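To start, the structure itself, in structure tokens.
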Amino acid sequence: MSLETTARTEGAALGHLAARLTLEEKVALVVGAGTWETTGIERIGLRPMVLSDGPVGVRGGTGSPAATAAMFPAPSALAATWDLDLARRAGALFATEARRHGVDVVLAPQVNLQRTPVGGRHFECYSEDPVLTADVAVALVGAAQERGVGMCVKHYVANDSETDRTRYVARVDERTLREVYLAPFERLVADADAWSVMGAYSGVDDGHESAPALEHRGLLTGVLKDEWGFDGVVVSDWVATRSVAGAVRGGLDLQMPGPDGVWGDGLLEAVRSGEVAEGELDDKVERLLRLAVRVGALRLDGSAPEGPTSGASAVGHGTPEDAAALLRELTARSMVVLKDEAGLLPLASAARVALVGPGAVDLFLLGGGSSFVVPDRVTCVVDELRTAFPATEVSVHAGARPRRNPPLLDVAALCTDPVTGAVGVRVELLGVDGTVLEVEAGQPWDGWRQDVLADAATLRLTADVRLTEPGVHGLGLGTVGVHDVRVDGAPVASGETVADTGIVLSSGHNHPFAVVHEVTVGPDAPRTVRLAADLQVVHPVGYASFVRAELVHALPGPSAEDELSEAVEAARAADVAVVVVGTTEEVESEGYDRPDLALPGNQDELVARVLAANPRTVVVVNAGAPVLLPWLADAPTVLWAWLPGQEGGTALADVLAGVTEPSGRLPWTLPARAQDVPVPDAIPVDGVVDYAEGVHVGYRAWERDGLEPAAPFGHGLGWTTWSYDALEVAPGGDAAPDEPAGVVVTVTLTNTGPRAGREVVQAYVEPPAPDADRPRRWLGGFTTVDAAPGETVTARVPVRRRAFQIWDTGARRWATPPGDHAVRVGRSVRDLRLDAVASLTASPLELSPTTRSHGVSAPSNSARRHP
Ligand code: BGC
């Protein structure tokens, strides 16, 4: 049976099934049954489907903090490998992890673009470039779906920053949307047959329609469903649905979570009142049922479906060890050598290595927000290095303090209930009028109290805290909302600002700023102080009520300056120093954008002073998004190590010890100076984020402006050198019948260095003539090749037809401007080694799918070598 006939037969069967459903069942189907589950209907053999975040691993459907998961490196690290085979293997691991956790659909990948380096979710995105984003995402989604696990591609569309994210409208012209922000979604539908897409919190104004993303009929129904033929489910971002009829007509298929919310409370009524026709639900119901068939939650032959963990047999029983091995390889491969002037990488054996910096003690593994997972294991770079270099003395020194808040108070060890004397804190829940509704003595406290009584307004927390060490302690509490905090009766902090319970829980609640009170403990220690706090109970829309109170405690100890000097002295005394500095989840998180690009705390000072003390220093940057490196010129060797996930320790040790080449290349531009950044922030003005830069996103703007970044897009040195020897460009049609016609670029290159290595061969396209509406050059395609020292290899880079096309806004279709397009290959957008010409003839202007090579002539001799 042909694919088309199968789809028709399946479509008919789904239609038949949908017709058997009552109106109530149809409405229940398009609204979540809980926070992470869809509705099951037993009489048709449909079980609930489980959805779970997210881009750095599969957290597990229930959100239970006890479940651990394989924690991947941040998505930007995966993109930094530019390795589609690794992306496919990562997709397969997502499928295995999904089934292990009983999950049918993983809420990933995020294919929004890194429009501004301050974007809070920058680390969750792949790249500032749509082609790299699309290629990685297609490989990953395809591999997961082949194994029967759905991936929910998010967030459709132009949801590229976090400031006021539930309210802003992204004003993006149609051409920019098509050529840049919609491009990865289009590829995922065309090439990976994506089964679900998540609609964004924000809105879009594309010049034709200005509407919240979930109500944007032009983009959801017009483009995604009708034009591209997407037959999957449009899922709302969590608690993002704002209207009944508007979202029904816009194209939303499934409101999450449920069963309450706008659709839960109003959809049935809207159909009964005639505001929404029952027929408008049928297409949505069929889409839901199709997804259920795809993930194995429904069988069209009427037999009982398998449970969500059963698919594990189909995806293979990967062990946590298998997962760790893949993540270790992937993470090491993702690391980018920004510079290595002194040839310090990999480290030679040495008598003494000083590991310095907050990241040396505790790597920052993942960013903040909904992508959070509890890792199966955490690896430690110090232990791994000691194993790799048994004869070396490895010392460790934090040296700097990147975090705003002191460490968490050890409640179990230090706190007792002031009334009962039981270990823990005393919790009293009070109503609006101050009546005590509930008392809990001697409670453990991890910073949160979830699922609080619906009628509670205030949580009163009291504890006697026993401070044992003489010296100055810092005792504090970070919270959100109205609060009043006292230590031994003295006011410490108070605030009248009511927590934002708006449309969705703010991620800022994860990282409240703690006010710290100094308590001096004399030589006659211990001393017991009374901590008391009245805290607002937050009742957010669509989520369970909670109270936030991060209890923090700074022990007496060395001053920041003493800590820094000790680290610098250790670096001076060592043969080599490795300084690991970076961001934290307070800085890189969903829910807000960064105010600036600086490394937090006194880390820049630490790096500068270590470099002055020991020129044989490797600086490792442990961050997902760009940070400014003011000491870069003085650093001989700099390695970008991302937010590396659970295998950060093993992978970094593998790179330092020479086990795995750090063959990553930057998927974004690293700015040298804040003032050069093309889109320095995304603060809405009158509710609008104006994408005024048009198609000039990321490196395209740096190329337009001719400014020098600290490192350009695509940059990364690996640990060997390459010569680019020859280039040929041929029409893509005949050479690769399975690829949309464009051109195939064949590059001959030689590993001229002393080590076996991997090169990422990048092909850029330039327009026939300078054109202000087009970038100066853009990525057309890429591939990776491996070669032994001295070996010459051939790289084949397909460049899709779309790379030569523009969106013709007048005609509302793709067009191919004729003329000679330079095709340039090299090691980054600024290190181009060879070029050739692809001539697109004037007639016909469009390359039709049936004559795919038509119009492309590729003079194979035109390769020119750059000096
Ligand atoms: C995020 C989504 C996520 C969802 C469920 C939202 O706040 O924007 O990316 O999948 O929550 O956790």
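The values are calculated or read from the model by the stated rules, or taken from the named source; none is laboratory data. It should be emphasised that the depicted structure is a prediction, and the values quoted were computed from it without experimental measurement. Note that we place each Cβ from the backbone using ideal geometry, even for glycine, and neighbour counts take in every protein chain shown. Only protein heavy atoms, including side chains, enter the accessible area calculation; ligands, DNA and RNA are left aside. Shrake-Rupley method; radii C 1.70, N 1.55, O 1.52, S 1.80 Å.
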#### Entry: Separation in nanometres of the label points that stand 7 Å from Cα toward Cβ, at ASP488 and ASP322
6.0 nm
### Query
Over the C-alpha atoms of the range 751-830, what are the Rg and the largest Cα-to-Cα span, Dmax, in Å?
16.2, 55
### Estimated FRET transfer efficiency when R0 is 45 angstrom, pair VAL436-THR792 (beta carbons, to 0.05)
0.05
#### Entry: Where Rh is the Kirkwood radius over Cα pairs, Rg/Rh for the range 514-637
1.09
### Message
I'd like to verify something in the chain: which complete DSSP H helices, judged by Cα projection on the helix axis, reach 27 Å or more and average at least 1.6 on the Kyte-Doolittle scale?
### Response
none
### Message
From the C-alpha coordinates alone, can you work out the Kirkwood hydrodynamic radius of the range 234-287, in Å?
### Response
11.0 Å
### Summary
Ranking GLU759, GLU278 from most to least accessible area with a 1.4 Å probe gives GLU278, GLU759
### Query
With the calculation restricted to Cα positions, what are the radius of gyration and Dmax of the range 628-765 in angstrom?
19.3, 57
### Query
Karplus couplings for the range 707-717 from phi (6.51 cos²θ - 1.76 cosθ + 1.60, θ = phi - 60°), rounded to Hz, Gly and Pro as x?
8, 8, x, 5, 8, x, 3, x, 6, x, 8
### Summary
Length gained, ALA815-ALA19, 0.36 nm per residue minus C-alpha separation, equals 282.3 nm
### Task
Could you pull out every residue, at least 5 positions away or on a different chain, whose amide H is within less than 5 Å of the one on VAL374? Hs are placed 1.01 Å off N in the peptide plane, and Pro or chain starts have none.
ALA69
### Query
How are the C-alpha pair distances of the range 411-554 spread across 10 Å bins, as whole percents from the shortest bin up?
12, 42, 33, 11, 2, 0
### Query
Quick one: if you stick a label point 7 Å off each Cα along the C-beta vector at ALA454 and GLN675, how many nm between them?
5.7 nm
### Query
Which FRET efficiency value, to the nearest 0.05, is calculated for ASP301 and LEU632 with the Förster distance at 56 angstrom and r the Cβ-Cβ distance?
0.35
### Query
What does the convex hull of the Cα atoms come to per residue for the chain, in Å³?
175 Å³
### Message
Given points 7 Å out from each Cα along the Cα-Cβ axis, report the ALA342 to ASP725 separation in nanometres with one decimal.
### Response
3.5 nm
#### Entry: Surface/4 estimate of mean projected area, convex hull on alpha-carbon atoms of the range 15-127, nm²
9.5 nm²
### Summary
Most packed first (mean Cβ within 10 Å per residue), the peptides 423-435, 606-618 order as 606-618, 423-435
## Note on the structure
So the compactness index of the range 635-703, its C-alpha Rg divided by 2.2 N^0.38 Å, takes the value 1.59
## Note on the structure
Regression test value, accessible area per residue of the chain, probe 1.4 Å, units Å², expected 36 Å²
### Query
At a 1.4 Å probe, what is the % contribution of carbon and sulfur to the accessible area of the chain?
52 percent
### Task
Please give every one of the lysines within straight-line cross-link reach of LYS26, meaning a C-alpha to C-alpha distance under 28 Å, and leave out same-chain neighbours fewer than 8 residues apart.
LYS154, LYS225, LYS284
### Task
Mind jotting down a quarter of the surface of the convex hull over the alpha carbons of the range 3-295, in square nanometres, one decimal?
14.4 nm²
